[in-house]
Amino acid sequence: MAVYERRLDFASLHMLVNFYSPLLGVMFIGGFVNEFSISRINTDFGIFRISGLWSKESLESLRIDIHSIEVMGTDGWVLLNQSNEKVINLITDLMPTLKTHLLANSR
């Protein structure tokens, strides 16, 4: 028996979540999980390129799943390892800025 594996890209995942969420009784305020890609964001912690998914779960809560985070280094973009404790702390520190940015650009 052959085993097939299919990796989903962001567009496919977005489509599946949007299709099945109502059927599973999951509702996001605003209706959808949104893909985001920030090509360059200047912060107090550096200059970053970030991509992932976000959804507004309630009026007070915004969920952000980062799939890729890069920092501008002296020789260009450097991919950060999200399992590193310092990077985890950095992402936590960046969340308020990301939330503000995503909400401001969603209107």
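For the pair Ile41 and Asp75 in one chain, pulling the backbone fully straight at 0.36 nm per residue adds 10.5 nm over the alpha carbon distance. Ordered from longest to shortest, the equivalent ellipsoid semi-axes for segment 31-107 are 22, 13, 11 Å, each the square root of 5 times a Cα gyration tensor eigenvalue. Using θ = phi - 60° in the Karplus curve 6.51 cos²θ - 1.76 cosθ + 1.60, the 3J(HN,Hα) couplings for segment 85-92 round to 4, 5, 5, 4, 5, 4, 4, 4 Hz; x is entered for Gly and Pro.
Read the figures in this text as sums done on the coordinates, not as results from a lab. These numbers were taken from a predicted model, which means no experiment stands behind them.
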